[in-house]
1. Quick one: would you say residue 67 is under 28 Å from the mean Cα position of the chain (by Cα) and farther than 26 Å from residue 184 by Cβ?
2. Hey, residue 160 hits all of (1) more than 15 Å from residue 207 (Cβ to Cβ); (2) at pLDDT 95 or above but one; which does it fall short on?
3. I want to confirm something. Restricting to the stretch 336-358 and keeping residues that are crowded, with 17+ Cβ neighbours inside 10 Å and farther than 19 Å from residue 296 by Cα, which single residue is modelled with the lowest pLDDT?
4. Here is a check on your reading of the model: is residue 270 surrounded by fewer than 16 Cβ atoms within 10 Å (Cβ to Cβ) and either modelled with pLDDT under 90 or assigned to a loop (DSSP other than H, G, I, E, B) (or both)?
5. Being surrounded by 13 or more Cβ atoms within 10 Å (Cβ to Cβ), in the same structural domain as residue 158 (by TED's automatic domain parsing) and closer than 24 Å to residue 60 by Cα: is that true of residue 177 here?
6. Looking at the stretch 159-186, which of its residues are touching a helix residue (DSSP H, G or I) at 6+ places or on another chain (Cβ under 6 Å) and within 17 Å of residue 131 (Cα to Cα)?
7. Quick one: which strands (runs of 3 or more DSSP E) sit completely within the stretch 127-191 and have at least 1 residues that are under 26 Å from residue 224 (Cα atoms), in contact (Cβ under 8 Å) with a residue 12 or more places away in the chain and touching a strand residue (DSSP E or B) at 6+ places or on another chain (Cβ under 9 Å)?
8. For a quick check of your reading of the model, give me the residue pairs whose first member lies in the stretch 244-256 and is touching a residue at least 60 places away in the same chain (Cβ under 8 Å), whose second is part of a helix (DSSP H, G or I) and loosely packed, with under 11 Cβ neighbours inside 10 Å, with beta-carbon atoms closer than 9 Å and at least 6 apart or on different chains.
């Protein structure tokens, strides 16, 4: 029997019992849909971390008081707080003087404070204090005006670069540039407005004000730990720059060869490793649990195909009596079970796509549906149909034509 003929017979049998076929497919539909939704959420989260969190600048990494491992538990963080020294401007200068693979070093510090203009008062606003080169290192985009200059940092000028949300809230009907706002009670002139960045997991990224680091340290005091952003001279020298930074920091802290780092070097790969460590097991468990419904769907398909063989015993006998071989009967029923499962997989993918779009629209949770996942889902659903149809198809193929013709 030609393969195309087997497909025609399979489609005829499926559409001849539409309701029964649909009810049979429910297990596969929900199985594929749930697995695809889980994969979509995981992929969306991974892409979001890569873009919004792990993307810390071109050929850039951070040097800070704490490493990523220090945040693994409260005990580890408290131990690091006691053990680790503050990162200072002197550390930044030492890294800059190293040269070689290190291209640029910027410093920053963050606190929360109060921002006011006229009668409008904003509390718990993110106050970011940076050296001017942070704008280039972290690719801070300007919507209007400009970022502050090196001269303004050195002279400790009270100038500020504000986020788009702060500008909208403080100046809903006027331009913020050139206006004087108060940050924790002190006057600052607005010289620039950042380009809107949106939110990360529902947390706004444009509710901030930035000021020169030297101005910040003069106001809030210099006895605090900074975070350093370091870039390499090129992508090829990135790992060399990381090792140079580690060497400089260890020398400055007089650490022996056997002593562990009492500072942190955070790279995009380290952030992704932490993400995989936290969510990798959850991802595998979630996909494993949701895949159970696919097994149930396969059992339902096997059951309905066995019923179909019983119902069509006489038809099988007639086909065999006019020359159909065992392989033809086997091919016919396998095609039917695979087509059933493929229809279920396609419907499940469509439902999953709609659900993923709905989740992304109504919540801050990002989603992504890679074509690889769609292809794998169709392949898995076809495999479920194939495996589930093997026994019913074999049972149909081995029927004796004389006994089958006697069936009522």
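The values are calculated or read from the model by the stated rules, or taken from the named source; none is laboratory data. Just so it is clear, the model here is predicted, and its values are computed rather than measured. Note that we place each Cβ from the backbone using ideal geometry, even for glycine, and neighbour counts take in every protein chain shown.
1. On the way: under 28 Å from the mean Cα position of the chain (by Cα): yes; farther than 26 Å from residue 184 by Cβ: yes.
Criteria met by residue 67.
2. Failing condition for residue 160: (1).
3. So the residue we want is 356.
4. Numbers: surrounded by fewer than 16 Cβ atoms within 10 Å (Cβ to Cβ): no; either modelled with pLDDT under 90 or assigned to a loop (DSSP other than H, G, I, E, B) (or both): yes.
For residue 270, the condition - surrounded by fewer than 16 Cβ atoms within 10 Å (Cβ to Cβ) and either modelled with pLDDT under 90 or assigned to a loop (DSSP other than H, G, I, E, B) (or both) - is not met.
5. Numbers: surrounded by 13 or more Cβ atoms within 10 Å (Cβ to Cβ): yes; in the same structural domain as residue 158 (by TED's automatic domain parsing): yes; closer than 24 Å to residue 60 by Cα: no.
Judged against the criteria, residue 177 is not a match.
6. As a first pass, look at the stretch 159-186 and keep what is touching a helix residue (DSSP H, G or I) at 6+ places or on another chain (Cβ under 6 Å): 159, 176.
Result: 159, single match.
7. Numbers: elements: 142-145, 159-162, 180-183.
Result: 159-162, 180-183.
8. Matching pairs, first to second residue: 248/97; 252/90.
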